[in-house]
Amino acid sequence: MKYLKVIAFSHKQIELKELGKLVICQEDLTPKLKQVKELFDIPEIFYLSTCNRVAFVMATPQVVDRDFTRKFFHALDMGLCPGYTETFLDAANIYEDQEALNHLLRTSCSLESLIVGEKEILAQLRKAYESCRMAGLTDDYLRMVMSCVVKAAKEVYTHTNISKNPISVVSLAYRKLKDLKLSSDARILIIGAGETNRNISKYLQKHKYSNFSVFNRTLGSAQELAVELKGTAYDLETLKTYKKGFDVIITCTAATQPIITPEIYASLLNGDTDKKTIVDLAIPNDTDPEVLVNFPVNFIEVHSLNEIAKKNMQERYQELVHAEKIIAENIHDFIPQLKQRRIEVAMRQVPEKIKEIRNTAINSVFADEVQGMDQQSREILEKVMNYMEKKYISVPMVMAKEILIANN
């Protein structure tokens, strides 16, 4: 496990609004990760960003400490001023070996979440890994780690009540929205067609809301969600000229700068002076703070859910204990599996080497003697060589497994 390293930033050490400064937009993510992967000779890496955490997961023999993290961040070139960089570095949690695996398992089971018990985090973690795998940033080691992560999370959600009557950021946001007693034909603008907005849309649809307009940077994704909601799709640029009015804006994008500026908000109002509602679940917020200063708005954001999250943690304490036991068992079972897999990978060349030795013996070292044999003798020799080749290939693996078992 010594190669597994995690650099993590979360809501526990950093204000959510500040945490948003560490978000890397999707368009820049792969090039930036490839750049640091090559620069620091990191064999495998993936990046996770959710509403309350940012993490870099690596498989590397490098020493990952504060000094490495500082160089790593400078190489990422995230546009942070020096003061912010040092503040974030001070707040970074660096994990390695079993502590890194434990952190990933706790994260996947929502034990590190703002809202303990929300299942969305497992899907987010899998999606983040899969995106980097498809980009060629990961390999066999992190594949094994992610298999363990998914297995443990599924066991926790199956065998504990940690997600019973789930309280997620999305469900809490919907409850606050529901308290405003909007009519079912309220005009709802959905900005962003990602997983969070899809999830909150399911709540809205379930409770008979029906008037949706979906905006997204990629029109195709907006159209997919609009079809599900029986709404209308627009590209993000259309926000600047949209004049059909609204009652609620629900926004969650990966943008690093505000989407809803005072100018765009005023244009969307189109002269309407009624108090509107914005549900902003993006980190950093998609809403420019000036909008809240200049206009009457019911504003619902992730940061405002903190107190409910604390209460949620207290209510689920016993389930946390049970979940942590399941995590410990999975770590215990995984370590010998990983060792065995590493031996298997290391021994992939054994069959090829044995075949090379065999061919050298027959075609070079003992070529004259083999040529002097009759057909029957050659066939017997071939059978003996085939038998010995198979046995020689299996012996190192069997011995390695025996050593692993004896050491556990």
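Which is touching a residue at least 24 places away in the same chain (Cβ under 8 Å), of a type outside the set (Val, Ile, Thr), farther than 20 Å from residue 120 by Cβ and in the same structural domain as residue 118 (by TED's automatic domain parsing), of 142, 182?
Numbers: 182 fails: in the same structural domain as residue 118 (by TED's automatic domain parsing).
It is 142.
Considering (1) over 30 Å from residue 220 (Cβ atoms); (2) crowded, with 20+ Cβ neighbours inside 10 Å; (3) modelled with pLDDT of 85 or more, say which one residue 197 fails and leave the rest.
Among (1) over 30 Å from residue 220 (Cβ atoms); (2) crowded, with 20+ Cβ neighbours inside 10 Å; (3) modelled with pLDDT of 85 or more, the lone unmet condition for residue 197 is (1).
Could you figure out which of (1) aromatic (Phe, Trp, Tyr); (2) out of contact with any strand residue (DSSP E or B) (no Cβ under 9 Å at 6 or more places or on another chain); (3) outside the structural domain of residue 104 (by TED's automatic domain parsing) isn't true of residue 209?
For residue 209, the exception is condition (2).
Just to be sure before I move on: is residue 56 surrounded by 21 or more Cβ atoms within 10 Å (Cβ to Cβ), touching a Phe, Trp or Tyr at 6+ places or on another chain (Cβ under 8 Å) and at pLDDT 95 or above in the structure I sent?
Yes, satisfied.
For the structure I just gave you, tell me whether residue 401 is of a type in the set (Lys, Arg), farther than 28 Å from residue 112 by Cβ, surrounded by 12 or more Cβ atoms within 10 Å (Cβ to Cβ) and at pLDDT below 85.
Yes.
Just wondering, is there one or more residues in the stretch 337-345 that are at pLDDT 85 or above, surrounded by 15 or more Cβ atoms within 10 Å (Cβ to Cβ) and either of a type in the set (Lys, Arg) or not assigned by TED's automatic domain parsing to the domain that holds residue 264 (or both)?
Scanning the stretch 337-345, I find no residue that is at pLDDT 85 or above, surrounded by 15 or more Cβ atoms within 10 Å (Cβ to Cβ) and either of a type in the set (Lys, Arg) or not assigned by TED's automatic domain parsing to the domain that holds residue 264 (or both), so the answer is no.
Restricting attention to the stretch 33-55, does a residue exist that is of a type in the set (D, E, K, R), under 14 Å from the mean Cα position of the chain (by Cα) and farther than 18 Å from residue 142 by Cα?
yes
Run down 174, 157, 95, 129 and say which single residue is more than 30 Å from residue 343 (Cα to Cα) and in contact with a helix residue (DSSP H, G or I) (Cβ under 6 Å, 6 or more places away or on another chain).
Numbers: 157 fails: in contact with a helix residue (DSSP H, G or I) (Cβ under 6 Å, 6 or more places away or on another chain); 95 fails: more than 30 Å from residue 343 (Cα to Cα); 129 fails: more than 30 Å from residue 343 (Cα to Cα).
Exactly one of 174, 157, 95, 129 is more than 30 Å from residue 343 (Cα to Cα) and in contact with a helix residue (DSSP H, G or I) (Cβ under 6 Å, 6 or more places away or on another chain), namely 174.
Is it true that residue 108 is surrounded by 21 or more Cβ atoms within 10 Å (Cβ to Cβ) and either among the small types (Gly, Ala, Ser) or more than 17 Å from residue 150 (Cβ to Cβ) (or both)?
The answer is yes for residue 108.
The values are calculated or read from the model by the stated rules, or taken from the named source; none is laboratory data. For clarity, every value in this text was computed on a predicted model and none was experimentally measured. Here the Cβ is made from the backbone with ideal geometry for all residues, glycine too, and neighbour counts use every protein chain on show.
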